[in-house]
1. Of all trypsin sites (Lys or Arg not before Pro) in the range 260-293, which ones are in loop regions per DSSP and have a Cβ with at most 16 other Cβ atoms within 10 Å?
2. Where does helix 335-349 land angle-wise versus the long Cα axis of the chain, in degrees 0 to 90, nearest 10?
3. If each DSSP helix of 4+ residues adds -39,500 (n - 2.57) and the sum is divided by the residues in the chain, what number results at 222 nm, nearest 500 deg cm²/dmol?
4. Once both labels are modelled 7 Å past Cα along the beta-carbon direction, what's the Ile86-Asp166 spacing in nm?
5. Suppose each label sits 7 Å from its Cα in the direction of the beta carbon; what would the Arg33-Trp276 distance come out to in nanometres?
6. Pop out the ³J(HN,Hα) list for the range 395-407 in order, Karplus 6.51 cos²θ - 1.76 cosθ + 1.60 with θ = phi - 60°, rounded to Hz; leave Gly and Pro as x.
7. If R₀ is 45 angstrom, what is the calculated FRET efficiency for the pair Lys178 and Thr321, using the beta carbon separation as r and rounding to 0.05?
8. Could you tell me which of rounded, prolate or oblate describes the range 323-390, using a ≥ b ≥ c as the square roots of the eigenvalues of the alpha-carbon gyration tensor, with rounded for a/c under 1.5 and, failing that, prolate when a/b is larger than b/c and oblate otherwise?
Amino acid sequence: MNVKVDFNNVSGKIKPMHCVNNGPVPGRPTQPRSNFDTYKAARIPYARNHDASEWIDFGGEHVVDIYSIFPDFDADPYDPASYDFICTDDYTKVIVDAGTEVFYRLGARIEHERKKYRTIMPKDFLKWAVICEHVILHYNEGWADGFHYNIKYWEVWNEADLDDDDSEHKRNWSGTAKDFYEFYEVAATYLKERFPHLMIGGPSIANRVGKWYDDFLDHMTKDGKRVPIDFLSWHWYGADVAKMINRAHTVKEKLIKAGYTEAESILNEWNYVCGWREKYVDSIRVIISMKGAAFTTACMLAAQNDETIDMLMYYEASPCTFNGMWNFYTMEPIKGYWSLYSFADLYDLGTAVKTESDDKDVYAVGAKDENGNKAVLVCYYTDEQDREEKTVTVDLEGYGSGETDLYRVDDDHDYTVCETHGGNRVTFKMKPNTFVMLKSK
């Protein structure tokens with residue numbers, strides 16, 4: 001099979017496809033288990049802080065969520081004494097120190113427990129927005145002994161659509177869909193008026209890009225109004241990369257139809273899942289395997305080549321079953337780490353060039369910078385069993401006459417130079433669910 005890369009044909013910028021949910025584990029003085037150094041080395045552009053409160057080393061129940069920062073909803077939202085920023089300050093600083101920007105989810109983590117505490121619908125929508133206003137002031141404008149982090153993205157809530165209105169076990173939003181639409185309108189309108197220079201968006205759709213999403217957009221544009229949606233965030237879990245791209249097209253097409261032509265489409269939760277019930281454990285096995293790493297790489301490459309996705313945020317970088325980048329116990333990198341690390345090399349180059357593959361299972365993106373450095377990331381991903389090794393030929397038009405190092409990531413190699421090629425045509429073999437990087441020397 002063939003990949004054609006035309007370095008004379010610029011196709012745009014390399015987009016931030018290697019973002020994640022949550023920051024590095026900082027470690028403790030008496031238990032120095034940390035992934036801070038390798039996290040920083042991966043050059044992750046953004047970290048969404050959703051579900052940070054599920055991990056004790058981030059601050060546990062005292063971090064990020066509005067319920068934690070403003071524990072008494074009846075308190076005065078204009079009084080700094082009503083807020084508890086300490087643990088969130090520490091957690092945010094670790095992310096920033098790693099060279100990553102925070103993508104702040106305003107709201108609460110998911111609650112699988114029988115009793116709900118954080119996901120209960122606020123009894124005063126405007127007051128909730130005022131509280132969020134002061135969270136923004138604290139982290140961006142120094143209010144209440146705060147900071148000037150210039151956090152750009154502020155997301156209103158998470159997965160209010162996850163459960164039906166009549167469900168007895170609502171994990172993210174206790175009210176109805178209509179309640180949420182009204183809540184989002186109040187919060188987003190108020191925050192955008194206060195901070196017109198920031199990106200205010202949401203609603204972090206779990207899976208309802210049908211009627212729930214349609215009704216959400218209808219509410220935001222009813223009677224000629226235009227509730228702020230600077231970005232539309234949504235989630236997808238699966239095993240078929242093409243289905244992810246199809247979902248992205250649906251999301252974007254409906255945004256445009258509703259008049260939000262400039263709104264970014266951000267897929268800020270995604271990972272490999274071949275089934276949520278009987279195949280859930282099988283999914284976890286894949287996530288932490290070489291196949292999971294290939295899936296991650298394929299998704300990033302496919303999203304880069306697709307015009308409808310502006311940002312990807314892998315779920316999850318915190319120590320949990322969805323983390324395919326670091327060993328849960330030792331915090332040492334595993335195969336999926338090299339997916340983000342290798343894409344960061346493309347992102348550092350900055351400029352995407354026209355790249356085509358004639359095989360649906362082989363994904364590729366080429367990039368270059370103004371100094372003449374060039375690279376091509378090629379991934380062979382398949383969810384089918386017993387697939388054979390492929391011979392891949394990469395034609396490098398406009399590449400020059402220099403040599404090319406070939407880095408492999410497979411069961412035996414961790415982004416290791418295995419071959420060096422000369423000329424404008426590079427041919428090599430790839431096993432299923434592996435990826436390689438070609439870099440100019």
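1. Qualifying residues, ordered by number: Arg277, Lys279.
2. The answer is roughly 80 degrees.
3. Helix contribution divided over all residues of the chain: -9000 deg cm²/dmol.
4. It works out to 4.7 nm between the two label points.
5. Going by the 7 Å Cα→Cβ label model, 3.0 nm.
6. 8, 10, 6, x, 7, x, 10, x, 8, 10, 8, 10, 9
7. Values: r = 34 Å, r/R0 = 0.76.
Computed FRET efficiency for Lys178 and Thr321: 0.85.
8. The shape class here is oblate.
The values are calculated or read from the model by the stated rules, or taken from the named source; none is laboratory data. In this text, all values refer to a predicted model and were calculated from it rather than measured experimentally. No Cβ is skipped: glycine too gets one built from the backbone with ideal geometry, and neighbour counts run over all protein chains shown. Surface accessibility is based on the protein's heavy atoms, side chains included, excluding ligands, DNA and RNA. Shrake-Rupley method; radii C 1.70, N 1.55, O 1.52, S 1.80 Å.
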